[in-house]
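A single structure is presented below for examination.
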Amino acid sequence: MIDSKSKILIVDDRKENIIAMQTLLEELNVDIITASSGNEALATTLENDFALALIDVQMPEMDGYETVRLMRKVEKTRFLPVIFVSAIYSNDPYLIQGIEAGAVDFITKPFNPRILLGKIRIFLDMHLQKNLLEAEIERRILVEDQLTEAKLRAEESDRLKSAFIANMSHEIRTPLTTIVGMAGLLSEKDYLPDKKKEIAAHIEKNSESLLTIINDILDLSKIEAGEVKVNKRPVDIRKLLNELHQIFLQKLKRNNKISTVELRLNMNDESPVFPVTDENRLRQVLSNLLGNALKFTSAGFIEIGYKLGDGYIDLYVEDTGSGIPQEKMQVVFERFQKLNDFSVGTGLGLSIAKKLTDILGGQISVVSEINKGSKFIVSIPYTEIDLENKNQINTNPINQKRMADLSNKTLLIAEDEYPIYFLLETMLAPSNIKIKWARNGREALEVFKEEGNFDAVLLDIKMPEMDGIETFKEIRKVDKKVPVIAQTAYVMSEERAHLEEIGFSGFISKPFVRSEIIEMIDSLIQ
């Protein structure tokens, strides 16, 4: 018995003959379609895929022979198996004429039903095997197409990877050469203060460039691995934009553009705005756009602002920079794309900005005109929410804080790398705070238990013998209240959320920003 249903066409001008043939074929698992004339049969074969046709020879208007001859002229029915059935024509000339017309068999009435069913089963089996073979051919063609596409993708990936490695080698070596060279100059001789200041500025600027490159590579790796998690909460947009404004004012100064480029902050609406989103991700997107504008704008202005819409908020960065060539507009958000051949960087910033915006459930777009500037718009969902004590949230620009006198306070720093400890000690020196250094978590725990009079603890998360998290848990067994600050190179929001969940009092990320450390220490110790 055939498992998959095939179709059989019965063509006969006498209804009783059709009924008799349908009754005979009931035991077969097939769909039966009937036609009462040659013309109707031809029309039906164009609409259906038949396994077999049983056609009466003697029919008015068009006999069976002519019907089959016409079938053989159509591509779809050229090879359709046909069995002629006749009660009148039974001698050899008619049999030969039927075979010449294109039939595969000629059965005369009365016939043996078992013989006819046996023949029909053979053709049904052949039709099934034909369908299976065609399906297998299609599958193999599909697999070949997929393999070809995969091969092309792999070749393109290899090409991009090779270009990326070559580009990164150049981009990393350029700032690194400056950093190493300038640091060597400082160690060779005692320069005048102005010269030292200039050398230090070069080191700082190139260190920042190097850090941006490394962060871009790490961010793209996490995004493409699907490891980016979103930590949504109400975000004070006015405060965020104020902070970015002040940060990039400093960058304008370091890039010697403060006199030629105006950094504008457009927040005409005085009402606080709190979209529910991931602040760190949104900050990263806007920072990438501002950094891009700073890179390509040598005169005029850069403006950051926002505009509320119905169910969304548009945050934008506009500049009067060099603009984007028309041929680059279609690929501006793709990986490794640079807006010109002279710009430094990875070519990943805008790609990362788009991917993060997508993760936030938003959209990013750009309008640009060559030599006139560009405007990038980040649209994210916005719903007005009620926040308790909203009027108490500080929306003023951040201030450059000076550390208070902490000469009566003691800080334990657990850090296995001496240069990092030296950096922290130097940053905190103006406060006169007493510092105790432990080289790993186990030593930090021993010192804490022995002395036990620390006002705060600064723990590196990744340390030998006992890491920062384990050390924190052991310290909490001894003292439930002492502020413990985590310091780590992991800056993704999910790591920050994990440390907050564990119970750390605060969090600072490498590389350190002095103002953040000052603010953190002041707020926890005072």
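Every number in this text was worked out from the coordinates using simple rules, so none of it is lab data. Keep in mind the model is a prediction, meaning the values are calculated, not measured. Positions of Cβ are backbone-derived with ideal geometry, glycine not excepted, and every protein chain shown enters the neighbour counts.
Expressed as a whole percent, how much of the Cα-Cα distance distribution for the stretch 88-161 exceeds 15 Å? Write down the numbers at each step before the final one.
Details: 1990 of 2701 pairs.
The share of Cα pairs beyond 15 Å in the stretch 88-161 comes to 74 percent.
Label-point separation (nm) for Ile19 and Ser162, each offset 7 Å from Cα along Cα-to-Cβ?
Distance between label points: 7.8 nm.
A follow-up question, please. Which of Lys239/Lys436; Lys189/Lys251; Lys251/Lys434; Lys229/Lys355; Lys449/Lys481; Lys251/Lys436 have a Cα-Cα distance over 24 Å? Working shown, then result.
On the way: Lys239/Lys436 36 Å; Lys189/Lys251 29 Å; Lys251/Lys434 33 Å; Lys229/Lys355 13 Å; Lys449/Lys481 14 Å; Lys251/Lys436 34 Å.
Pairs exceeding 24 Å: Lys239/Lys436; Lys189/Lys251; Lys251/Lys434; Lys251/Lys436.
If you don't mind, there's one more thing I want to ask. Give me the Å³ per residue figure for the convex hull around the C-alpha atoms of the stretch 108-218.
Values: hull volume 12.8 nm³, N = 111.
About 115 Å³ per residue, rounded to a whole number.
Using amide H atoms built 1.01 Å from N in the peptide plane, name the residues 5+ places from Asp105, or on other chains, whose amide H lies under 5 Å from its own.
Residues meeting the criterion, in which the H sits 1.01 Å from N, are Val82, Phe84.
How far apart, in nm, are the 7 Å Cα→Cβ label points at Lys510 and Asp358?
Simple spin-label model gives 3.2 nm for this pair.
Same structure, new question: Average projected area of the Cα convex hull of the stretch 25-77, in nm²? Don't skip to the end; give the middle numbers.
Details: hull surface 15.3 nm².
Projected area, direction-averaged: 3.8 nm².
Multiply the residue gap between Leu265 and Ile96 by 0.36 nm, knock off their C-alpha separation, and tell me the result in nm, one decimal place. All intermediate terms of the calculation are to be shown ahead of the outcome.
Details: separation 169, 0.36 × 169 = 60.84 nm, distance 9.43 nm.
Here the answer is 51.4 nm.
Which distance in nm do the two modelled labels at Lys480 and Val230 give, with both placed 7 Å along the Cα-to-Cβ direction?
3.8
In Å and on Cα atoms, what radius of gyration and Dmax does the stretch 427-526 show?
In Å, with Rg to one decimal and Dmax whole: 12.9, 35.
Taking only the alpha-carbon atoms of the stretch 249-293, what semi-axes of the equivalent ellipsoid follow from 5 times the gyration tensor eigenvalues under a square root, in whole Å, largest first? Spell out each step's value before the answer.
Numbers: eigenvalues 121, 49, 10 Å².
The equivalent ellipsoid of the stretch 249-293 has semi-axes of 25, 16, 7 Å.
First measure r as the distance between the Cβ atoms of Arg114 and Ala135, then evaluate 1/(1 + (r/R0)^6) with R0 = 25 Å and state the FRET efficiency to the nearest 0.05. Don't skip to the answer; put the middle values down first.
Numbers: r = 31 Å, r/R0 = 1.26.
Efficiency computed from Cβ-Cβ geometry: 0.20.
If you take every residue apart from Glu303 with its C-beta less than 10 Å away from the C-beta of Glu303, what net charge results, scoring Lys and Arg +1 and Asp and Glu -1?
On the way: positive: Arg264, Lys375; negative: Glu262, Glu318, Asp319.
Computed value for this residue: -1.
Find the eigenvalues of the gyration tensor of the Cα atoms of the chain, then list the square roots of 5 times those eigenvalues as equivalent ellipsoid semi-axes, largest first, in whole angstrom. All intermediate terms of the calculation are to be shown ahead of the outcome.
On the way: eigenvalues 1290, 165, 113 Å².
After scaling each eigenvalue by five and taking roots: 80, 29, 24 Å.
For the stretch 179-315, what does the convex hull of the Cα positions come to per residue, in cubic angstrom? All intermediate terms of the calculation are to be shown ahead of the outcome.
Numbers: hull volume 20.6 nm³, N = 137.
Convex hull of Cα atoms, per residue: 150 Å³.
Report, largest value first, the span of the C-alpha coordinates of the stretch 33-165 along each principal axis, in whole Å.
So the three principal-axis extents are 84, 32, 25 Å.
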